[in-house]
Amino acid sequence: MITTEKTAAIYTLGCRVNQYESDAMANELFMRGWDIRKPTEICSVYIINTCTVTAESDRKSRQIIRRLKAQNPDAFIAVCGCYSQVRPEEVAGYVDFVAGTRNKTEVIAAAEAFASGKTVGKICVSDPSELPYEPLYAPHTDRTRAFVKIEDGCDGRCAYCLIRKARGGVVSRGEEDILAELAKLYDAGYPEAVLTGIETAAYGRDTGTDLLSLLMKTNGCKTPGRLRLGSVDPAWLKPDVSAALSRVEKFMPHIHLSVQSGSSKILAAMKRRYTAETLYKNVEACRKNIQGVRFSADIIVGFPGETEEDFNKTKEFLCFANLIHAHIFPFSAREGTEAAAMKGQIPPDVKSRRAAELADLQREINEKDAASRIGGTVNVLFETYDGKYAYGHADDFSSVKAKSASALHGKVKSVTLTDYSDEEFIALLDN
């Protein structure tokens, strides 16, 4: 039997959940004796963990597949994730093995079989809604901030989105398992952890618990000293929820909202589960309940039927929310979604213009807000160092850099904000 050198690299596209799952696959391979390398190096196995949130995501996935095959034509190419879940036959035309979103351990088995000279089947993709939560564990990464996956899947039926098809409905990880991982991260010295999922706020919907219950259980438990949440549905963030969040001892005052639009009409067309009025009410309640809370958000511009009036309502929401950052996406029609066939499709030039306008507005908001904060002090978790500046994020997730004679990786330091440039605060370390 012919055997192959056990060298592998994993290329990850898309969200934090994908990154967590890639880290878990890398760890499992390492434990089985594989040498884990960078995707730019020659390997016997390449694994591409894909995204399909936009048509551009699909294109990038294909581009990476071609690049890695050209890098080593003899390599075994395995693909998993959302793109391969939704279009397995298409992906199979480019690669040696195809898995989906809830059976990524099959990729490990396929790599082992290839390394042993065994024949490997081509496609291993099932309906994710028929599969349970897949236990995956990423015990250590090279990042200061650790991601902890707490759920998979989404129960939303948004008109523009394929993620429910790619990920299935909500399945939650056990509370004790999550708390045990947080304890291990504490023991490993991680100062911060982010609880994340495909629909983070839906955690526990299938098991009879909920996200708040999980968060409250972190009080008094051994966890990293700073806890954050992945993107959450604004509908979840009711006044009683934000009041409860203020009692989670290690919760950092930053919330990323999956907003999409400031127009109730467009939100209804998108089949989002809230109105613009709910957005305003819940953001305002957060400000009252959580000291110093700041927000970032995902925004889609140019959704079918979006008028200038609708667009202006989104601009008004950005100003009201005083976002520290906005991920702005021109609407991308995805084949197989309801929105792709809707009337009132917006011309590309209009979508581009609106996206640019929103980006300009966001910069103005940031600069005005930054001017009011100069001279103030914040706590910063430092993550990287370039030999002159240490870089990190404040409690509210504002980006900060400070001159330092040495690396401050993993340390939380008090700094005084002195200036602001290119969406980043410049600061002096306090003694």
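What follows draws every value from the coordinates through simple rules; no lab data is involved. No experiment lies behind these values; they were computed from the predicted model shown. All Cβ positions, even for glycine, are placed from backbone atoms using ideal geometry, and neighbour counts span all protein chains on display.
Restricting the calculation to Cα positions, tell me the Rg (one decimal) and the Dmax (whole number) of the stretch 235-285 in Å.
12.3, 38
How big is the Cα convex hull of the stretch 7-126 in projection, averaged over all directions, in nm²?
6.4 nm²
For the chain, set up a Gaussian network in which alpha carbons nearer than 10 Å are linked by springs, and say which option among V241, V350, V380 fluctuates the most.
In the Gaussian network model the winner is V350.
Rank V17, V194, V412 by mean-square fluctuation in a GNM of the chain with C-alpha springs under 10 angstrom and give only the top-ranked residue.
In this elastic network of the chain, the residue with the biggest mean-square fluctuation among V17, V194, V412 is V412.
In whole Å, what is the distance between the alpha-carbon centres of the stretch 72-124 and the stretch 1-52?
So the two Cα centres are separated by 12 Å.
Give the percent of DSSP beta bridges with both residues in the stretch 7-126 that are antiparallel, rounded to the nearest 5. All intermediate terms of the calculation are to be shown ahead of the outcome.
On the way: 0 of 17 bridges.
Restricted to the stretch 7-126, the bridges split so that about 0 percent are antiparallel.
Reachable lysines from K38, Cα under 22 Å, same-chain residues fewer than 8 places away excluded?
Cross-link targets: K6, K60, K69, K104.
So if I take the centroid of the Cα atoms in the stretch 144-211 and the same for the stretch 387-431, what is the distance between those two points in Å?
30 Å
Would you please state the base-10 log of I(q)/I(0) at q = 0.06, 0.10, 0.12 1/Å for the chain, with intensities from the Debye formula using one equal scatterer on every alpha carbon?
Log10 of I(q)/I(0), two decimals: -0.27, -0.77, -1.12.
What FRET efficiency would be calculated for the residue pair E41, Y385, taking the C-beta separation as r and a Förster radius of 30 Å, to the nearest 0.05?
For E41 and Y385, the calculated efficiency is 0.75.
Given just the C-alpha atoms of the stretch 112-204, how large is their convex hull per residue in cubic angstrom?
Per-residue hull volume (Cα only) is 152 Å³.
Estimate the FRET efficiency between I374 and S246 by the formula 1/(1 + (r/R0)^6), using the beta-carbon distance for r and 45 Å for R0, to the nearest 0.05.
In this case the efficiency is close to 0.95.
Can you list the trypsin sites (Lys or Arg not before Pro) in the stretch 307-366 that are in a DSSP coil and have 11 or fewer other beta carbons within 10 angstrom?
K343
Cross-link list K238/K315; K217/K315; K149/K250; K315/K351; K281/K368; K217/K403: which exceed 26 angstrom alpha carbon to alpha carbon?
K217/K315; K217/K403
With the convex hull built on the Cα atoms of the stretch 145-372, state its orientation-averaged projected area in nm².
12.7 nm²
Between A55 and S126, with labels modelled 7 Å along Cα→Cβ, what's the label distance in nm to one decimal, could you check?
3.4 nm
Relative to the present Cα-Cα distance, how much length would full extension add between A183 and E90 at 0.36 nm per residue of separation?
Details: separation 93, 0.36 × 93 = 33.48 nm, distance 4.16 nm.
Using 0.36 nm per residue and subtracting the Cα-Cα distance, I get 29.3 nm.
How much FRET efficiency would the formula 1/(1 + (r/R0)^6) give for T307 and T4, where r is the Cβ-Cβ distance and R0 is 60 Å, rounded to 0.05?
On the way: r = 58 Å, r/R0 = 0.97.
Step by step, r from the Cβ atoms, then E = 0.55.
Under a crude label model (7 Å from the Cα following the beta-carbon direction), how far is K343 from A359 in nanometres?
Distance between label points: 3.3 nm.
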